[in-house]
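Asks: Encoded as structure tokens, here's the structure I'll be asking about.
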Amino acid sequence: MKTKIRFYFAIILSAFLFFSFSNAMAAERNNIKKEKTKVQQVIDTLKYDVYKGKVQDSKTNEPLMFATIAVKGVNVATVSNSDGEFLLKIAKDLPVSKIEITYIGYKNLEVSISSLKEKKNILKLESVTIPLDQINIYPLDPLFLVKSILAKIGQNYPKDPNMMKGFYRETIKKNRTYVAISEAIVNIHKAGYKQLKDDQVQIYKGRKSQDVKKMDTLLFKLQGGPNTSLLLDVVKNPYNLLSDDFIENYNFSIKSITKINDKIHYVIEFKQKENIDIPLYYGLLYIESTNLALSSAKFSLNLSNTEEASRMFIKRKPAGVKVTPTSADYIVNYTEKDGKWYFNYARGEINFKCNWKRKLFNTNYSAMTEIAITDRDEQNVVRFRGDDKFRANQIMAEEVNNFADANFWGEYNTIEPDQSIESAIRKLRRKAR
């Protein structure tokens, strides 16, 4: 059992990490050799409207991070950043009139598109609480509810594949400074939830910027990019969290009742049993009360066994440095349409401490990946072949071009960079000149 669990965890969640000695000048020369010819796009802004704004709590005015902003009637959406800010692009020829904002524990908000301004739209959501004794649809047995997620996959999630378009971002920070940022518009072949086929990713358009010198004597790389972010779809990949083997190793309890997208949800808290000696998870599962579908999960890896946790994440490192993970946090969200739940957003953030034998101070690194689905098509579904797909052993920063013009993304919906990322992009862009 222990070997099997260790293998499963070795292949999951957000990124494989490489630490290796680097020569900054050599790395920069290699990057120049890898650069592809930049094709400057002419952006036709007459074809779409752009709206910027912020999602907030109506009482406290606190920003609501990772809220979903969707165009009603079509499969177009985006997600607010860690400052609650969003940027939404809507094609002018779409027959739409409203957007809808959803967030865990809040009432849905519908807003007329005609009332939106180009900038500084403040969208305020009202929180909602539901007493536990008001719910009596199913027996309040948390283990029964968790098992029902898997039992009802064929009923609650699409059996047929979909084509999705998404925005992917990965960042690396050294202490408090961003040293690498990569972003891409990706095409995704999302296999059906009862199919044995894996999801596939194709990088449609991407860019990167990095400060190799700031990485000190370590070159820190993320392997797998959007492929490993898609593994956070724990319904499609139940071995990551919800398989029968893992259910045996957790304690479950009902923490509360809330609303997501105006639907009542059970909030199930889980953590590994005390007699389990390898790192498992703790966190929350949000289960829709009528159909018992998982609509969201927030979880973290138990890092009390530091040596075992290090073996999970670090694929290669130089001698003379001890690399210890200090936190590993994940989010996955699904959205419902016509009775089916679709993968919508995933985020992973892993923090590490690097302790050098001959250095007085430790170095802290943070790796973050996130992917938001911005469009979906059920008609033109194709599998990617050969070099058209992004492979699990590739490193995205080695496959895309450097940051260039401000209109790089054109009509595509992206996640608005938060203030710290935006500042880092400006600094890295200046150094690249």
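The values are calculated or read from the model by the stated rules, or taken from the named source; none is laboratory data. Computed from a predicted structure; not experimentally measured. Reconstructed Cβ throughout: ideal geometry from the backbone, glycine too, with neighbour counts over all protein chains shown. In case anyone asks, the SASA skips ligands and DNA or RNA and just uses the protein heavy atoms, side chains included. Shrake-Rupley method; radii C 1.70, N 1.55, O 1.52, S 1.80 Å.
Asks: One residue is enough: does the range 127-140 have a residue meeting the conditions at pLDDT 90 or above and open to solvent by less than 40 Å² (accessible area, probe 1.4 Å)?
Replies: No: zero hits.
Asks: Separate question: Can you name the residue in the range 348-381 that is β-branched (V, I, T) and modelled with pLDDT of 85 or more and, of all such residues, is surrounded by the fewest Cβ atoms within 10 Å (Cβ to Cβ)?
Replies: V381
Asks: Next question, about the same structure. Given the condition of a type outside the set (F, W, Y), under 18 Å from L232 (Cβ atoms) and either under 18 Å from the mean Cα position of the chain (by Cα) or assigned to a strand (DSSP E or B) (or both), answer yes or no: does some residue in the range 147-161 qualify?
Replies: Within the range 147-161 (the criterion being of a type outside the set (F, W, Y), under 18 Å from L232 (Cβ atoms) and either under 18 Å from the mean Cα position of the chain (by Cα) or assigned to a strand (DSSP E or B) (or both)), the answer is no, since none of the residues qualifies.
Asks: From (1) open to solvent by less than 30 Å² (accessible area, probe 1.4 Å); (2) among the polar types (S, T, N, Q); (3) closer than 30 Å to N251 by Cβ, pick out the condition that doesn't hold for Q155.
Replies: Of the numbered conditions (1) open to solvent by less than 30 Å² (accessible area, probe 1.4 Å); (2) among the polar types (S, T, N, Q); (3) closer than 30 Å to N251 by Cβ, the odd one out for Q155 is (1).
Asks: Further question on the same structure: Within the range 272-286, which residues are of a type outside the set (A, V, I, L, M, F, W, C), crowded, with 17+ Cβ neighbours inside 10 Å and over 17 Å from F144 (Cβ atoms)?
Replies: Q272, P279, Y281, G283
Asks: Please determine whether any residue of the range 322-339 is at negative phi, charged (D, E, K, R), out of contact with any helix residue (DSSP H, G or I) (no Cβ under 8 Å at 6 or more places or on another chain) and buried (at least 17 other Cβ atoms within 10 Å of the Cβ).
Replies: yes
Asks: On to the next question. With (1) under 30 Å from C354 (Cβ atoms); (2) open to solvent by less than 10 Å² (accessible area, probe 1.4 Å); (3) modelled with pLDDT of 85 or more as the list, and K174 as the residue in question, which single condition is left unmet?
Replies: Unmet for K174, out of (1) under 30 Å from C354 (Cβ atoms); (2) open to solvent by less than 10 Å² (accessible area, probe 1.4 Å); (3) modelled with pLDDT of 85 or more: (2).
Asks: Here is a list of conditions, (1) assigned to a strand (DSSP E or B); (2) out of contact with any helix residue (DSSP H, G or I) (no Cβ under 7 Å at 6 or more places or on another chain), and A309 meets all of them except one; can you say which number that is?
Replies: Single failed check for A309: (1).
Asks: Between residues in the range 382-403 that are open to solvent by less than 50 Å² (accessible area, probe 1.4 Å) and residues that are part of a loop (DSSP other than H, G, I, E, B) and not acidic (D, E), which pairs lie under 7 Å by C-beta distance while being six or more apart or on different chains?
Replies: F390/G225; Q394/G225; M396/G225; N401/K36; N401/K38
Asks: Does the range 277-306 hold any residues that are assigned to a loop (DSSP other than H, G, I, E, B), out of contact with any Leu (no Cβ under 7 Å at 6 or more places or on another chain) and more than 28 Å from V323 (Cα to Cα), and which are they?
Replies: S289, T290, N291, A293, listed by residue number.
Asks: Filtering the range 401-424 down to residues that are part of a loop (DSSP other than H, G, I, E, B) and aliphatic (A, V, I, L, M), which residue is modelled with the highest pLDDT?
Replies: Among those that are part of a loop (DSSP other than H, G, I, E, B) and aliphatic (A, V, I, L, M), it is I415.
Asks: Looking only at the range 144-158, decide whether some residue is more than 19 Å from F390 (Cα to Cα) and at pLDDT below 85.
Replies: Among the residues of the range 144-158, not one is more than 19 Å from F390 (Cα to Cα) and at pLDDT below 85, which makes the answer no.
Asks: Would you call K89 in contact with a Leu (Cβ under 8 Å, 6 or more places away or on another chain), assigned to a strand (DSSP E or B), open to solvent by 10 Å² or more (accessible area, probe 1.4 Å) and of a type outside the set (D, E)?
Replies: Spelling it out, it is not the case that K89 is in contact with a Leu (Cβ under 8 Å, 6 or more places away or on another chain), assigned to a strand (DSSP E or B), open to solvent by 10 Å² or more (accessible area, probe 1.4 Å) and of a type outside the set (D, E).
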